[in-house]
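What follows is a single structure, written as structure tokens, with notes after it.
The values are calculated or read from the model by the stated rules, or taken from the named source; none is laboratory data. Note that the coordinates shown come from a computational prediction; the quantities given were computed from them, not determined experimentally. Cβ placement follows ideal geometry from the backbone for every residue including glycine, while neighbour counts extend to all protein chains displayed. Side chains included, ligands, DNA and RNA excluded: accessible areas come from the protein's heavy atoms. Shrake-Rupley method; radii C 1.70, N 1.55, O 1.52, S 1.80 Å.
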Amino acid sequence: MIPYIRVFAISLLLLCSYVGWSAYGYFFDTSSPVITVSGIETDGCYAGDIPCTVNMSDEYSVADISVTLDNKALVSHFKINRKQDEHSFVVPTKTMSNGPHALKIEVRDGSYRKNNTTETIPFIIDNRPLQAAFVKSDTDLKVFQGRTLHLQFQVNKPIYSAVIKILSKEFACTPESENSLIYECFIPISTEEAPNEYPFSIEITDMVGNTATLDSKLQVIMFPFKKQVIAIKSEKLKEEHEAGIPEKELEDKLEKASKESPEHKLWRGNFYAPIDIKSISTEFGTVRTTQHRGKYAHNAVDLIGTPKTVVWAPQDGIVVIKDRFVHSGNTVVIDHGCGVLSMFYHLDSFANINVGDTIRKGKPVGTLGKTGYATGFHLHWEMRIHNIAIDPMQWIKNDF
């Protein structure tokens, strides 16, 4: 009999311990349930019904779960009574309005205190079909070699992305301005691009994954670039080699700046000319011949102004290069976003600016000079889009 009495006593002791611990947990548990929600994310955008799952656990016991959608009960105190469990439900977006909504999940434990955990998830419903159209007629898209193709299209709602595939390259599109439904892209046409007709497409994706495509054609037209021969004295070349950084380092910095350029516009409106222009000594794309560089395309404009007068930023941006180089002399480069860079060569002196500074349209970058490979006072103004040179004079036209 004694062994049975011992077993009974031990069992009774364990039962009392369990009851005691359970009672202690019931009255004194202060921890809240842990919940994990899958199927829907904060500020996510959704179409169609949304299947959701809530995983729940608690040290004492999960008592129940409640779910409200826009303050209306979707699940009300559904009993769980386990330490861990999961509960699934569906958010029926097809019967709801497009726009912002909120899902609230509350899980209570089974203790005397009724500890609870609440999570509110704001989200957006978008069941509208995606629509897009060109802002201007796409039947007459023509552009000269060395110019910029400015494409715009309009959508019926905010989109996730838009990419233009053209000339064996891809270019991302950005809103014309904040919260605008007009998107645009600035596509550089190299001076070396062969005159021809080129098909292109714009692939658009909305926030819920719907897609739309706009197709069209571009006509690249040959431009009659001028020719020019200049000579720079050997003493000047030697002097600049001793004073400046090799040109390759500038090109490396420009390539890096192009890759790191913000994907959004840092400017609004048209560009200014960076000086009061008296004349243009070299037009964009002029085929130049020199004794030190041979024959090459001068993919910039050389502007004549009053020596040592102020040179200003043609638009808002960030200063990304400020240094002296062998060929370009005192040089400043401004990043305007979207891969658009403005470059100013041969400056006599720098303004009080530093790399990384935000600079506003019209603020000084330096003074007009003749440092570097320059035969006289002038400003070499160059613009590049994704490191492809384009005619900057096109950008100061009112109809661009």
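Things to note:
- Average accessible surface for the chain: 53 Å² per residue, computed with a 1.4 Å probe over protein heavy atoms with every protein chain in place.
- For the chain, the relative contact order is 12 percent, taking Cα pairs closer than 8 Å that sit 6 or more residues apart in sequence and dividing their mean separation by the residue count.
- Legend: calculated FRET efficiency, K248 to T375, from the Cβ-Cβ distance at R0 = 25 Å, rounded to 0.05, equals 0.65.
- Net length gained if the chain between N116 and S88 were fully extended (0.36 nm per residue, minus Cα distance): 8.2 nm
- Compactness of the chain as Cα Rg over 2.2 N^0.38 Å, two decimals: 1.56
- Per-peptide average of other Cβ atoms within 10 Å, ordering 328-339, 99-110, 373-384, 177-188 highest first: 328-339, 373-384, 99-110, 177-188
- Paramagnetic label zone (point 7 Å from Cα along Cα-to-C-beta, A73; backbone N under 14 Å) in the stretch 93-115: 106
- What a 1.4 Å probe finds exposed on the chain is 52% carbon and sulfur by accessible area, rounded to a whole percent.
- Amide N of the stretch 202-231 lying under 15 Å from the label point, which is placed 7 angstrom from the Cα of Q131 along Cα→Cβ: 212-213
- With 22 Å as the limit on Cα-Cα distance, the pairs of K256/K308; K79/K114; K226/K265; K259/K370; K142/K165 that go past it are K256/K308; K226/K265; K259/K370.
- For S190, the residues whose modelled amide H falls within less than 5 Å of its own, excluding neighbours fewer than 5 places apart on the same chain, are G146.
- When the helices of the chain are scored as -39500 (n - 2.57) per DSSP H run of n ≥ 4 and the total is divided over every residue, the value at 222 nm lands at -4500 deg cm²/dmol.
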